[in-house]
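Only one structure is covered here, and it is reproduced in the block below.
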């Protein structure tokens, strides 16, 4: 990984997008920012615009209406950037894979760097996942 | 008002328009009526008897499309469901009940796009849930529905 | 005065590229019309349910809404039990009530936090969500997960509450009650909140009945309905509790109803734990006969309604799901017209829609030119609170 990516690991700016989720994952994301887990002490911040983002955090089971928008958001995110697929729905559409209104899985739309499975993933799993991503960027082997 | 009283009131008021009554127990009753009488009966149930409109649910029964209008009496703790059978599955029509209660606004839009039922008198049957580019004439909750192919939707 | 701007709701769901979901048309500062377009969360759950067995459908309906994660499964199993006449053991009924009330506590506290954020009280947001954590801990102890509990099955519940967990649950409930007392004083006695929320977004009793509004949205307008009392289920008719109603129907009344309901929920949980009978938790039903059934449950937002039809096979022929927000959303259209733009977010938050549905709001002027997105709306709301504080000399 290059110099730019390594710099990003100091303080990851994250843009959250939901493509049709039940909100459990979205609530767990907000929970990570509240005093008990407080991801902001690691420098991880949720931003209001994808143009400021280093990482795109995707929840939801890729509803058909959202698929073109996710592509657009990925293109607008300044590179280098990372994509985190959050939850069972983000990883593979989960229970909703047979639905008539879900599109293809997220990793067939945009390249995914980190999968955090769970329904919803616990905040501890999220912290563990983000640490793995940072290690990967820094070139450390995963134990 | 107990469930037996309300069933009697309906039968007294509407006579032969009440086609069939199935009183399952103290809390549940299913009443068959003709689709053309739906507005009159729902107006009586909602406005005169004061029951709360729960929701309407449609079912594809292979031979017909069946719509159930569920009303709850919170004072006495039961739900009565008015059943209307639409025999014409190619072009099903029934009168709208939005003239009786505004709470039917969304469910009629939903039943229109998911089953293809047309609600006469409802000017706003725009899609509520399905994407804008969903193919016309394809109704997901019908039994003969074939899902459209998935693609990665190049924008 | 017509210049456009987009208002996507953010920063937590900053889907700024999304097309409109709520389109509010404004003239100057006042909202004159609302158009609604949903479907971004439509996952076809009713259709999926038809291809799964009755046992599997329960897991699917759990994921309709993350916050009402026990209400939908309880309504679903009650519909199947209504269909087939299955009896549920007493202990399971009490456990169902406990899980439901715990969910109500965490949902209302979550709402308090979000409402605080929309008004500019970010400390209330942080504290509200921090004080939710004891409830999530209890849930994890009892059910194994913070959300998506997988507790329900047809004929009973899946897991029991162990005797050794009860003192832990009671201690955490004590913590929660102390923190709730503190938040209640801070919120209900704040003059700025009174000025900000009273008289805003009023829904009268007649309108609430006409729109068939549910839950705290209806109760704050004086409509005295609560499924737990009117169509008793689980163990609600075996314990003593009160239905909380308001009269004004404004945002403040809705906040008061939710906060006072939390006290009732704590009382119900304590009574259920105290009276928890011995016995089995599962009546082990075998087949589901043909027929129809209806299940109703009082979720934190209002009544959840499930209708299930069976033809004797192992899958439902039809599974209709109606969440409470489906009936409450149209009241937003009614209550926001005539109000100012800066109040739009709090009026929407007051009906407590499932959060995913508050994601996308768009303001346009009467020539259909886009005005602002939700980030801007929230900022306007927070600025109005600041202005009021200054005017009141606080």
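The values are calculated or read from the model by the stated rules, or taken from the named source; none is laboratory data. These numbers come from a predicted model, not from an experiment. Heads up, the Cβs are rebuilt from the backbone with ideal geometry, glycines too, and the neighbour counts pull from every protein chain shown.
Computed values, structure above
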item	result
Residues of region A:14-62 classified as surrounded by fewer than 22 Cβ atoms within 10 Å (Cβ to Cβ), facing chain C (nearest Cβ under 7 Å) and on the phi > 0 side of the Ramachandran plot, total	0
Checklist (1) crowded, with 21+ Cβ neighbours inside 10 Å; (2) within 7 Å of another protein chain (Cβ to nearest Cβ) applied to residue B:73, failing item	(2)
Output for region C:138-161, where each listed residue is surrounded by fewer than 20 Cβ atoms within 10 Å (Cβ to Cβ) and either under 28 Å from residue A:87 (Cβ atoms) or at pLDDT below 90 (or both)	C:140, C:141, C:144, C:145, C:150, C:158, C:159
Test: residue in region C:185-200 that is within 30 Å of residue C:393 (Cβ to Cβ), under 19 Å from the mean Cα position of the chain (by Cα) and in a helix (DSSP H, G or I)	no
Complete set of residues in region A:7-51 that are under 19 Å from residue A:124 (Cβ atoms) and part of a loop (DSSP other than H, G, I, E, B)	A:12, A:34, A:35, A:36, A:37, A:38, A:43, A:44
Test: residue B:19 is surrounded by 14 or more Cβ atoms within 10 Å (Cβ to Cβ), more than 14 Å from chain C (Cβ to nearest Cβ) and part of a helix (DSSP H, G or I)	no
Breaking point among (1) out of contact with any strand residue (DSSP E or B) (no Cβ under 7 Å at 6 or more places or on another chain); (2) at the interface with chain C (Cβ under 8 Å from one of its Cβ atoms), for residue B:55	(1)
Members of region C:206-236 found to be touching a residue at least 12 places away in the same chain (Cβ under 8 Å) and part of a helix (DSSP H, G or I), listed by number	C:207, C:208, C:209, C:215, C:216, C:217, C:218, C:219, C:227, C:228, C:229, C:236
Meets criteria (closer than 30 Å to residue B:3 by Cα and either more than 11 Å from chain C (Cβ to nearest Cβ) or surrounded by fewer than 20 Cβ atoms within 10 Å (Cβ to Cβ) (or both)) for residue B:108	yes
Qualifying positions in region A:63-112 - under 19 Å from residue C:37 (Cβ atoms), more than 8 Å from chain C (Cβ to nearest Cβ) and assigned to a loop (DSSP other than H, G, I, E, B)	A:64, A:103
Strands (runs of 3 or more DSSP E) completely within region B:58-99 that count 3 or more residues being under 18 Å from residue C:83 (Cα atoms) and touching a strand residue (DSSP E or B) at 6+ places or on another chain (Cβ under 9 Å)	B:65-73, B:78-86
Residue match in region B:26-41 (condition: within 24 Å of residue C:331 (Cβ to Cβ) and either touching a strand residue (DSSP E or B) at 6+ places or on another chain (Cβ under 7 Å) or free of Cβ contacts under 8 Å to residues at least 24 places away in the same chain (or both))	yes
Number of the condition not met by residue A:127 [criteria: (1) over 24 Å from residue C:136 (Cα atoms); (2) surrounded by fewer than 22 Cβ atoms within 10 Å (Cβ to Cβ); (3) in contact (Cβ under 8 Å) with a residue 12 or more places away in the chain; (4) more than 7 Å from every other protein chain (Cβ to nearest Cβ)]	(1)
Failed item in (1) under 26 Å from residue C:328 (Cβ atoms); (2) in contact with a strand residue (DSSP E or B) (Cβ under 9 Å, 6 or more places away or on another chain); (3) modelled with pLDDT of 90 or more; (4) in a loop (DSSP other than H, G, I, E, B), with residue B:125 passing the rest	(3)
Candidate set from region C:235-255 (those that are buried (at least 21 other Cβ atoms within 10 Å of the Cβ) and more than 14 Å from every other protein chain (Cβ to nearest Cβ)); member that is nearest to residue C:93 (Cα to Cα)	C:235
Residue among C:170, C:203, C:105 that is surrounded by 21 or more Cβ atoms within 10 Å (Cβ to Cβ), part of a helix (DSSP H, G or I) and at pLDDT 90 or above	C:105
Test: residue B:128 is farther than 26 Å from residue B:18 by Cβ, crowded, with 21+ Cβ neighbours inside 10 Å and touching a helix residue (DSSP H, G or I) at 6+ places or on another chain (Cβ under 8 Å)	yes
Leading residue by the ranking (surrounded by the most Cβ atoms within 10 Å (Cβ to Cβ)) among those in region C:65-88 that are in a loop (DSSP other than H, G, I, E, B) and touching a strand residue (DSSP E or B) at 6+ places or on another chain (Cβ under 6 Å)	C:68
Yes/no for residue B:101 being within 10 Å of chain C (Cβ to nearest Cβ) and within 19 Å of residue B:36 (Cα to Cα)	yes
Scan of region C:50-64 for residues that are more than 10 Å from every other protein chain (Cβ to nearest Cβ) and surrounded by fewer than 24 Cβ atoms within 10 Å (Cβ to Cβ), ordered by number	C:53, C:55, C:58
Residue check, residue A:57 out of contact with any strand residue (DSSP E or B) (no Cβ under 6 Å at 6 or more places or on another chain) and either closer than 26 Å to residue C:145 by Cβ or in a helix (DSSP H, G or I) (or both)	no
Residue list for region A:94-119, restricted to those being in contact with a helix residue (DSSP H, G or I) (Cβ under 8 Å, 6 or more places away or on another chain) and under 24 Å from residue A:11 (Cα atoms)	A:110, A:112, A:113, A:114, A:115, A:116, A:117
Sole exception among (1) within 14 Å of chain C (Cβ to nearest Cβ); (2) touching a strand residue (DSSP E or B) at 6+ places or on another chain (Cβ under 9 Å); (3) outside any helix (DSSP H, G or I); (4) within 18 Å of residue B:42 (Cβ to Cβ) for residue B:119, by number	(1)
